[in-house]
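Visitor: Here's a structure for you.
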Amino acid sequence: MSTRSSASVPGPAPNAGIDEAAKQQYRAHFDARVRFGNGGRLDAYGFRLDVPSEATPRDRIGQLFIRHLGLSMVESVELSDLVIVEEAHKGSRGVEDSARPPSLVDLSHAVPWEALGSPSRHDHSALSAWRVDTATRPPTSIVVGDGRSGVGDDLEHTSLVKLAAIQGEVFHLTDLKSRSIPPGVFYEREVAGRAVLLDTGWSPRFGTPLYCEPAPFLSREAADYLICEGVTMVGIDTSGLDDSAARREAKAMVRTTLLQAGVVLLENVTNVDLLPASGSRIVAAPPALAGMHTCPVRAFALVGEGA
């Protein structure tokens, strides 16, 4: 079960109002037929679109559909089999998450200090110890390099630009049919210089043996795409971005590829499902430890006005 903070902060409490706002989000499911004024037609089946409310009129949904796809010269749009369901927004263009109040969302799991043991100065040994001693309760951690292979930088020399107040792009992927996350899910939005967080729905398993089962993972093609687009940070609500069920020689392929490109990784995050698709700021700044490449971190997101 994920853990949410109840600590006091100036202004609204962390996560205050977020659960209620998320419950009040809706998406429209429909088929569509678009006719263009200069000829041609576009048909869509089983399309899903964020909408402002459950009472959004049919013609407004058609307008939002056209805006989301960026279509021009539209003569008419007809919707059929329209159903509006209560469902978290995925980031459709043209729909604002205005109901979300300014707040802090804790992205870190709570882990007993004694469970961390006494990690050595060499980060790869420390990380290995954490993952063995806390198999189902690994700490939320920042990773900037790999001491064994010499890939990436250490925490002391990693710029705060990569760690604090990064614009977040959250991809809610709980209805993805495969464990492998393909590059196509990222095409809809700009990710250059941003923190991409992956909500796979794995976080509720935290603290149970189910957390150790083969989890969703980032495909190599998706990692290459994010690197080419200039992403700054990639986070996930599982124990890592690689396929935990892959053969040993392939297990760290995505992780290493991202670290080689200077991408910061954030592992074992929680509460990502409470974040809007866009409009948050991610903070995951660890101590500036010389010679260390990974460390448990208290990560959080700023959401709402002023974020």
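The values are calculated or read from the model by the stated rules, or taken from the named source; none is laboratory data. Computed from a prediction, not measured in an experiment: that's the story for all the values here. Cβ coordinates were reconstructed from backbone atoms using ideal geometry, including for glycine residues, and neighbour counts include every protein chain displayed. The accessibility values were calculated without ligands, DNA or RNA, using every heavy atom of the protein model including side chains. Shrake-Rupley method; radii C 1.70, N 1.55, O 1.52, S 1.80 Å.
Visitor: Calculate the FRET efficiency for R148 and R60 from the Cβ-Cβ distance with a Förster distance of 51 Å, rounded to the nearest 0.05.
Guide: Efficiency for this residue pair is about 0.40.
Visitor: Here's another thing I want to ask about it. Give me the distance in nm between label points sitting 7 Å out from Cα along the Cα-to-Cβ direction at D175 and L42, one decimal.
Guide: 2.0
Visitor: Per 0.36 nm of contour for each residue apart, how much would the distance between L160 and C228 grow if the chain were fully extended, relative to their Cα-Cα spacing?
Guide: Gain on stretching L160 to C228: 22.3 nm.
Visitor: With a 1.4 Å probe and every protein chain left in place, tell me how much accessible area S76 has, in Å² to the nearest 10.
Guide: Roll a 1.4 Å probe over it and S76 shows about 40 Å².
Visitor: Sticking with this structure for a sec: Would you work out if region 138-181 is rounded, prolate or oblate? Take a ≥ b ≥ c from the square roots of the eigenvalues of the alpha-carbon gyration tensor; rounded if a/c is under 1.5, else prolate when a/b is larger than b/c, oblate otherwise.
Guide: Verdict is oblate for region 138-181.
Visitor: Further, regarding this structure: Quick check on region 174-290: take the gyration tensor over C-alpha atoms, sort the square-rooted eigenvalues as a ≥ b ≥ c, and tell me if it's rounded (a/c under 1.5), prolate or oblate.
Guide: In terms of gyration-tensor shape, rounded.
Visitor: Using θ = phi - 60° and the Karplus relation 6.51 cos²θ - 1.76 cosθ + 1.60, list the HN-Hα couplings for region 73-83 in order, rounded to whole Hz, with x at every Gly or Pro.
Guide: Listing the rounded values in order: 6, 7, 8, 7, 9, 10, 10, 9, 6, 7, 9 Hz.
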